[in-house]
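What follows is calculated from the coordinates using simple rules that are stated; it is not laboratory data. Just so it is clear, the structure is predicted and the values come from calculations on it, not from any experiment. Cβ placement follows ideal geometry from the backbone for every residue including glycine, while neighbour counts extend to all protein chains displayed.
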Amino acid sequence: MSPRLRHLTTLENLPRETIERLLDRAEALRDACAHGTRKLNVLAGRTVLNLFFEPSTRTRTSFELAARRLGADVINFDIGFSSTSKGEELFDTLHTLEAMHLDAIIVRHKHSGTPDELVHHAMSGVSVINAGDGNRAHPTQGLLDALTIRQHRPDFENLTVVICGDIKHSRVARSDIHAFSALGVKRIRLCGPATLMPAVEEFPHCQHYDDFDAAIEGADAVITLRLQKERMASTDLPDEAAYFTRYGLDQRRLALAAKGCLVMHPGPINRGIEIATEVADGAQSRILEQVGNGVFVRMAVLNEVLAR
Ligand code: ASP
């Protein structure tokens with residue numbers, strides 16, 4: 001059996017067995033909640049800190065709900081958009097908060113690598129969970145996307161999955177690629193304008209496209225991404241109307257995919273830019289299922305790193 005995780009900062013190089021264990025546990029927690037158990041006490045007496053240096057709606061609230069449903073106490077520490085920069089201040093903040101006897105820190109930061117720095121600086125016994133660092137990783141989003149796909153299409157080996165949009169700046173895309181690859185997806189198609197694509201060498205096992213019509217043909221799941229302007233150089237910034245024409249997911253394009261293709265988006269959605277309203281709200285949309293699964297995946301991760 002793969003060893004229990006003490007921290008979760010990335011899905012890169014995690015064994016398939018570990019990912020499957022987390023997904024299975026998320027399913028078990030979902031079933032328990034569906035049968036009326038709203039609150040478990042496995043983390044009673046433990047304290048979890050939400051340390052968010054970037055804004056968040058879904059991730060922060062679902063980590064909070066996940067921790068509370070497992071019986072932990074939660075402290076929310078929102079630093080907001082710009083106030084704290086990397087370096088001394090971060091570790092000062094960390095040590096101040098640690099003096100309150102934390103068991104886990106859930107961190108989001110604009111700089112890639114911050115969660116690993118916290119792993120090295122945090123007191124031993126404190127677990128670190130990455131809630132999104134720069135464009136590098138968003139491991140719980142990768143897990144919840146994998147879970148959402150697995151609930152409909154557990155046959156990962158047979159799937160064609162398309163990720164379309166601003167992949168270069170997307171930590172979600174990176175964690176999705178790591179999760180799907182580990183679970184056996186053989187056809188991962190990446191699509192976007194050249195300025196928003198990752199280098200081919202970063203993901204040589206994926207197929208790279210600039211034509212969305214070609215990429216989506218026969219796809220079983222399509223994940224569209226927001227233009228992450230906060231991480232873009234102004235030269236990367238496309239004209240939004242022209243972008244929608246080439247890379248927006250509308251009904252015409254969705255009809256090119258395989259029947260029943262799952263439509264996914266990590267949120268926040270920009271309707272009319274990367275996805276049309278009728279698709280975001282349509283019968284094939286799994287976007288709200290993703291949000292629901294986020295709570296159970298985060299419960300599973302907290303349980304993994306904190307259970308005694
Ligand atoms: N919510 C996701 C993230 O934090 C996706 C996004 O912001 O576009 O990376």
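Taking label points 7 Å from Cα along the Cα-to-Cβ direction, LEU256 and GLU157 give a separation of 3.0 nm.
Multiplying the residue separation of ALA32 and ASP210 by 0.36 nm and removing their Cα-Cα distance gives an extension gain of 59.7 nm.
All Cα-Cα separations within region 181-306 were binned at 10 Å from zero, giving a P(r) of 11, 38, 36, 13, 1, each value a whole percent of the pairs. For MET197, the residues whose modelled amide H falls within less than 5 Å of its own, excluding neighbours fewer than 5 places apart on the same chain, are LYS168.
Here the scattering of region 172-218 is modelled by Debye summation over its C-alpha atoms, one equal scatterer each and no solvent; at q = 0.14, 0.28, 0.32 Å⁻¹ the log10 of I(q)/I(0) is -0.32, -1.18, -1.31. Reported value for the chain: 129 Å³ per residue, from the convex hull of its C-alpha atoms. Converting the Cα gyration tensor eigenvalues of region 52-192 into ellipsoid dimensions via √(5λ) gives semi-axes, longest first, of 30, 18, 13 Å. Compute the separation of the alpha-carbon centres of region 91-166 and region 233-279 and state it in Å as a whole number. That distance is 25 Å. The ranking of TYR247, TYR209 from fewest to most other beta carbons within 10 Å of each one's beta carbon is TYR209, TYR247. Computed over the chain with a Gaussian network model linking Cα atoms closer than 10 Å, the most mobile of ALA258, ALA137, ALA67 is ALA258. Across region 2-12, coupling constants 3J(HN,Hα) worked out from phi with the 6.51/-1.76/1.60 Karplus curve, θ = phi - 60°, read 5, x, 5, 7, 8, 9, 9, 10, 7, 9, 4 Hz, and Gly and Pro carry x.
Comparing region 1-105 with the 2.2 N^0.38 Å rule of thumb, its C-alpha radius of gyration ratio is 1.23 (two decimals).
Please give the length that would be gained between ASP73 and LEU5 if that part of the chain were fully extended, namely 0.36 nm times their separation in residues minus their C-alpha to C-alpha distance (nm, one decimal).
Details: separation 68, 0.36 × 68 = 24.48 nm, distance 2.09 nm.
Using 0.36 nm per residue and subtracting the Cα-Cα distance, I get 22.4 nm.
Each label point was placed 7 Å from the Cα along the Cα-to-Cβ direction; for GLU12 and ALA199 their separation is 1.2 nm. Applying 1/(1 + (r/R0)^6) with R0 = 41 Å to the Cβ-Cβ distance of GLU278 and ALA44 gives a FRET efficiency near 0.35.
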